[in-house]
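The values are calculated or read from the model by the stated rules, or taken from the named source; none is laboratory data. Not measured: the values here are computed from a predicted model. Because the Cβ atoms are built from the backbone with ideal geometry, glycine has one as well, and the counts that use them run over all protein chains shown. Just so you know, the surface numbers come from the protein's heavy atoms only, side chains and all, with ligands and any DNA or RNA stripped out. Shrake-Rupley method; radii C 1.70, N 1.55, O 1.52, S 1.80 Å.
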Amino acid sequence: MTRERLIRFTAASIAIPVLLAAAPAFSQEKREIEKERQLVKMEDPLKVFKGIESAWRKESANGLASFVGRGRVFLDIKGVGKKGGYYSKSQVKYLFKDMFKADDQLKFEFVKFHNLEKPDRKVYGIAYRSCKNNRSGKVFQDKVYITLGREGPAWVLAEIKTTR
């Protein structure tokens with residue numbers, strides 16, 4: 001074996017076991033998210049809201065991102081990055097991941113839904129949320145407005161905003 005082939009063989013024999021060791025944890029998390037998403041019938045907006053509520057309570061950034069469609073989502077949420085902007089599914093995941101690290105979600109509960117009976121329009125839900133900032137220890141409360149839009153037969157996240 002030439003020296004170059006030996007180096008490639010050694011690098012591959014080291015990298016493959018490392019990748020295989022990490023694969024079960026990654027694929028397990030991906031299976032759990034897909035299972036949670038399949039449990040929610042995406043054609044029923046109320047079930048999508050309940051799925052979002054469940055993911056938010058569990059502080060599951062992956063779970064929330066699973067409700068994002070192929071387009072971008074408008075986010076204007078206290079505790080998430082800069083003020084207002086459109087984000088892709090992967091950006092939503094990382095923004096919520098950072099928010100959940102910074103703030104403990106004490107409460108997240110939908111209290112009202114609008115336009116559920118009008119499938120040709122966007123639907124939205126209003127939730128109350130309470131969070132505790134891990135750095136300062138301060139608790140804050142706000143309202144969260146979540147809008148769903150159609151993507152084919154399914155309902156997906158279109159917008160999330162918070163107000164005091």
*Any residue in region 41-53 that's more than 15 Å from Val144 (Cβ to Cβ) and in a helix (DSSP H, G or I): show its pairings with residues that are of a type in the set (S, T, N, Q) and open to solvent by 20 Å² or more (accessible area, probe 1.4 Å) at Cβ separation under 9 Å, as long as the two are six or more apart or on different chains.*
Pro45/Asn115
*Of all residues in region 97-155, count the ones that are among the basic types (Lys, Arg) and not in a strand (DSSP E or B).*
7
*asked:* Can you tell me which residue is farthest from Trp56 (Cα to Cα) among those in region 80-108 that are surrounded by fewer than 15 Cβ atoms within 10 Å (Cβ to Cβ) and polar (S, T, N, Q)?
replied: Ser88
_Any hit, region 61-77, residues being open to solvent by 80 Å² or more (accessible area, probe 1.4 Å), touching a residue at least 60 places away in the same chain (Cβ under 8 Å) and either under 12 Å from the mean Cα position of the chain (by Cα) or over 21 Å from Lys138 (Cβ atoms) (or both)_ = yes
_Enumeration of residues in region 130-161 that are within 23 Å of Asp104 (Cα to Cα) and within 16 Å of the chain's Cα centre (by Cα)_ = Val144, Tyr145, Ile146, Leu157, Glu159, Ile160, Lys161
*Those residues that are in a helix (DSSP H, G or I), of a type in the set (Lys, Arg) and touching a strand residue (DSSP E or B) at 6+ places or on another chain (Cβ under 6 Å), I need them from region 72-96; list them, please.*
Lys89
_Filtered residue count, region 109-125, keeping only those that are exposed (fewer than 14 other Cβ atoms within 10 Å of the Cβ) and either among the small types (Gly, Ala, Ser) or over 12 Å from Trp155 (Cβ atoms) (or both)_ = 6
*What number of residues within region 150-164 are surrounded by 13 or more Cβ atoms within 10 Å (Cβ to Cβ) and among the basic types (Lys, Arg)?*
2
*Kindly list the number of the only condition in (1) of a type outside the set (S, T, N, Q); (2) open to solvent by 40 Å² or more (accessible area, probe 1.4 Å); (3) in contact with a Gly (Cβ under 9 Å, 6 or more places away or on another chain); (4) under 16 Å from Glu159 (Cα atoms) that fails for Ile52.*
(2)
*Among the residues of region 126-149, count how many are surrounded by 17 or more Cβ atoms within 10 Å (Cβ to Cβ) and more than 15 Å from Ile77 (Cα to Cα).*
2
*Residues of region 60-90 classified as of a type outside the set (Ser, Thr, Tyr) and over 18 Å from Trp155 (Cβ atoms), total*: 12
